[in-house]
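Okay, structure first, notes after.
The values are calculated or read from the model by the stated rules, or taken from the named source; none is laboratory data. Since we're looking at a predicted model, the values are computed, not measured. Backbone-built Cβ (ideal geometry, glycine too); neighbour counts: all protein chains shown. Heavy atoms of the whole protein, side chains included, go into the accessibility calculation; ligands, DNA and RNA do not. Shrake-Rupley method; radii C 1.70, N 1.55, O 1.52, S 1.80 Å.
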Amino acid sequence: MILGVSYTVWDGEELLEYSIKSIRRNVDYIAVVWQKISYFGELCNDGLEALLYDLKRQGLIDELYLYEPDMLNGGVKKAGIDETRKRNIGLWLCRENGCDYHMTMDCDEFYEDEQFKFMKKEMVQGAYGTGYAQHIQYYKDSIYQLKNPEREFISTIEKITPKTKYIHSISCIVPVDPTRKTNNVQEGMSYRIFTREECQMHHLSFVRKDIGKKLKNRASGSWTENEIQRIVDYYEKWQYPNPCMWAKQNLLEVIQVPRQFEIYKD
């Protein structure tokens, strides 16, 4: 297996270095498809470009690709279509650089080393075209985890064929982010669904220096300014062991877990 990973980046870059370090030893090529302007017209943070080129100099990133959105202020559905285009650019970069398998990732996604190795081995031995795994959510820091995991999945490793591509909202056998589905299964390839014990993604989705920026520019949801401000205010004042406030303003139980992933070293 020659595995390439492509990250799609606009915000949350404070987590990117640590996400890459959680997988770097197990992958052969890493591309970052990044943008200066969000799908909703907001500028990225001032230090994003410098950070990306610094990570490239360190050898954590192999290639950078600047993406210019086609659908500014087009709404959540159109933002999702644009996000799918970014994932296809990442797939293309991996294909062009000799990879025969691909993963699309975001800055806030982490994997345990042994589980990642197991997933790679299973994909090759089973000749699977697509892998699916569940994810566990975190809040505010990498030691605060939602007590009850979500039931949704993500697509993980995809076999690269000449026909492989991400297709927005294509049908899928498990619930998956509509921007992260390839046509491999529709093309007749088999799939592998991993249990949590075998491999799961650790999703630091509510771990941000600026959670409001994430919510305002999210391709998978839309809220009013008042709703976003309420979530931000709660986030900034939150202390364990109080319940956390999630994206729909629902309160969820949180547990404290040992720190597996170092973030925010500074």
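The set of residues from region 170-190 being within 27 Å of LYS209 (Cα to Cα) and surrounded by fewer than 22 Cβ atoms within 10 Å (Cβ to Cβ) comprises VAL176, ASP177, PRO178.
Listed by first and then second residue, the pairs linking a residue in region 188-209 that is over 19 Å from CYS244 (Cβ atoms) to a residue that is of a type in the set (Phe, Trp, Tyr) and in a strand (DSSP E or B), with Cβ atoms under 7 Å apart and 6 or more places separating them unless they lie on different chains, are TYR191/TYR132; ILE193/TYR132; PHE194/TYR132. Scanning region 202-217 for residues that are crowded, with 19+ Cβ neighbours inside 10 Å and modelled with pLDDT of 90 or more, we see that the one that is farthest from GLU42 (Cα to Cα) is HIS202. In region 1-21, the residues that are of a type in the set (D, E, K, R) reach residues that are open to solvent by 30 Å² or more (accessible area, probe 1.4 Å) and in a helix (DSSP H, G or I) with C-beta atoms within less than 6 angstrom, at least six apart or across chains, in these pairs: GLU13/LEU51. Within region 1-44, the set of residues being surrounded by fewer than 16 Cβ atoms within 10 Å (Cβ to Cβ) and more than 24 Å from TYR101 (Cβ to Cβ) comprises LYS36, ILE37, GLY41, GLU42, LEU43. The numbered conditions (1) open to solvent by less than 40 Å² (accessible area, probe 1.4 Å); (2) under 17 Å from LEU3 (Cα atoms) are all true for THR84 except (2).
Considering only region 101-130, state which residues are in a loop (DSSP other than H, G, I, E, B), open to solvent by 10 Å² or more (accessible area, probe 1.4 Å), out of contact with any Gly (no Cβ under 8 Å at 6 or more places or on another chain) and at negative phi.
In the first step, residues of region 101-130 are kept if they are in a loop (DSSP other than H, G, I, E, B); the result is 106-108, 111-112, 126-129.
Now narrow it down to the ones that are open to solvent by 10 Å² or more (accessible area, probe 1.4 Å): 106, 112, 126-128.
Subset that is out of contact with any Gly (no Cβ under 8 Å at 6 or more places or on another chain): 112, 126-128.
If the condition is that a residue be in a loop (DSSP other than H, G, I, E, B), open to solvent by 10 Å² or more (accessible area, probe 1.4 Å), out of contact with any Gly (no Cβ under 8 Å at 6 or more places or on another chain) and at negative phi, then GLU112, GLY126, TYR128 are the ones that fit.
The test for being open to solvent by less than 50 Å² (accessible area, probe 1.4 Å), out of contact with any helix residue (DSSP H, G or I) (no Cβ under 6 Å at 6 or more places or on another chain) and in contact (Cβ under 8 Å) with a residue 24 or more places away in the chain does not hold for LEU48. Screening ILE193, ILE167, ILE231 for residues that are hydrophobic (A, V, I, L, M, F, W, C), in contact with a helix residue (DSSP H, G or I) (Cβ under 8 Å, 6 or more places away or on another chain) and open to solvent by 50 Å² or more (accessible area, probe 1.4 Å) leaves exactly one candidate, ILE167. Within region 131-164, the set of residues being surrounded by 15 or more Cβ atoms within 10 Å (Cβ to Cβ), in contact with a helix residue (DSSP H, G or I) (Cβ under 9 Å, 6 or more places away or on another chain) and on the phi < 0 side of the Ramachandran plot comprises GLY131, ALA133, TYR139, SER142, THR156, ILE157, GLU158, LYS159, ILE160, THR164. Under the condition of being over 17 Å from LYS209 (Cβ atoms), without any contact (Cβ under 8 Å) to a residue 40 or more places away in the chain and either in contact with a strand residue (DSSP E or B) (Cβ under 7 Å, 6 or more places away or on another chain) or of a type in the set (Asp, Glu) (or both), the residues counted in region 242-266 number 3. Residue by residue through region 81-120, note down the ones that are small (Gly, Ala, Ser) and in contact with a strand residue (DSSP E or B) (Cβ under 6 Å, 6 or more places away or on another chain). Correct list: GLY90 only.
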